[in-house]
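Here's the structure we're looking at; comments come further down.
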Amino acid sequence: MTTAFAAAPTAVRSSQSVTPASENPARPVDTFGAGPRPSRRALWTGRTLSGIATLFLVFDAAMKVLQVPAAVQGTTELGYPASVLFGLGVVQLVCTALYVVPRTAVLGAVLWTGYLGGAIATHVRVGDPLFTHVLFPIYVALLLWGGLYLRNLRLRALFPLSER
């Protein structure tokens, strides 16, 4: 009986043996087998930073979805109608869900960056104080990206902070 798959011819290999990262215990791979993992300290620091940002953003989204009076008041004071509150909360929940899933975390961070940029523009437009209101979305973005940067070696390779 013949099979549909024939054995591929063997390529000539060099004298050096290459051990895949998944078989080399000195180089643990990430959960998707895409390469080495960050150090334990970097991984947990990144998870902590990401966790703080995620908890804050889920809390903010829940307040919007549930139409908590403080959220309604804050939104109307910024010049938006209360009717946009639910939609903003849903967008926040979707962005957060994308951020917490490792395979889509970078997409979630990019979407959050856009959302937070809009928040900065809103606070600038209404003349809010710089350090407490205008820059607050930047603080949140630093937590999001900082946590992701520490957890993801591919992101570190894409944006190295120093030359080695």
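Bear in mind that the values in this text are calculations on the coordinates, not laboratory data. Nothing here was measured: the structure is a model prediction, and the numbers come from that model. In this analysis, Cβ positions are derived from the backbone assuming ideal geometry, glycine residues included, and neighbour counts consider all displayed protein chains.
Being among the aromatic types (F, W, Y) and in contact with a helix residue (DSSP H, G or I) (Cβ under 8 Å, 6 or more places away or on another chain) narrows it down to one of Y139, Y149, so name that one.
Exactly one residue qualifies, and that residue is Y149.
Condition first: assigned to a helix (DSSP H, G or I) and over 24 Å from the mean Cα position of the chain (by Cα). Now tell me which residues in the range 122-149 satisfy that.
Result: V124, R125, V126, L130.
Does V106 qualify as being under 19 Å from L55 (Cα atoms) and loosely packed, with under 14 Cβ neighbours inside 10 Å?
no
In the range 40-68, which residue that is of a type in the set (A, V, I, L, M), without any contact (Cβ under 8 Å) to a residue 40 or more places away in the chain and in a helix (DSSP H, G or I) is surrounded by the fewest Cβ atoms within 10 Å (Cβ to Cβ)?
In this case the residue turns out to be L55.
Just the residues that are crowded, with 17+ Cβ neighbours inside 10 Å and aromatic (F, W, Y), please, taken from the range 69-96.
Within the range 69-96, none qualify.
Could you check A119 against (1) closer than 15 Å to L57 by Cβ; (2) out of contact with any helix residue (DSSP H, G or I) (no Cβ under 9 Å at 6 or more places or on another chain); (3) of a type in the set (A, V, I, L, M) and say which number it fails?
(2)
Restricting to the range 78-93, what's the tally of residues that are assigned to a helix (DSSP H, G or I) and either in contact (Cβ under 8 Å) with a residue 40 or more places away in the chain or of a type in the set (A, V, I, L, M) (or both)?
Count: 7.
Only one of (1) of a type in the set (F, W, Y); (2) surrounded by fewer than 18 Cβ atoms within 10 Å (Cβ to Cβ); (3) not in a loop (DSSP other than H, G, I, E, B) fails for Y99. Which number is that?
Going through the list (1) of a type in the set (F, W, Y); (2) surrounded by fewer than 18 Cβ atoms within 10 Å (Cβ to Cβ); (3) not in a loop (DSSP other than H, G, I, E, B), Y99 breaks only (2).
Matching residues to (1) touching a residue at least 60 places away in the same chain (Cβ under 8 Å); (2) of a type outside the set (K, R); (3) loosely packed, with under 15 Cβ neighbours inside 10 Å:
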| site | (1), (2), (3) |
| --- | --- |
| Y115 | no, yes, no |
| L130 | no, yes, yes |
| V140 | yes, yes, no |
| L143 | yes, yes, no |
| Y149 | yes, yes, no |
| E163 | no, yes, yes |
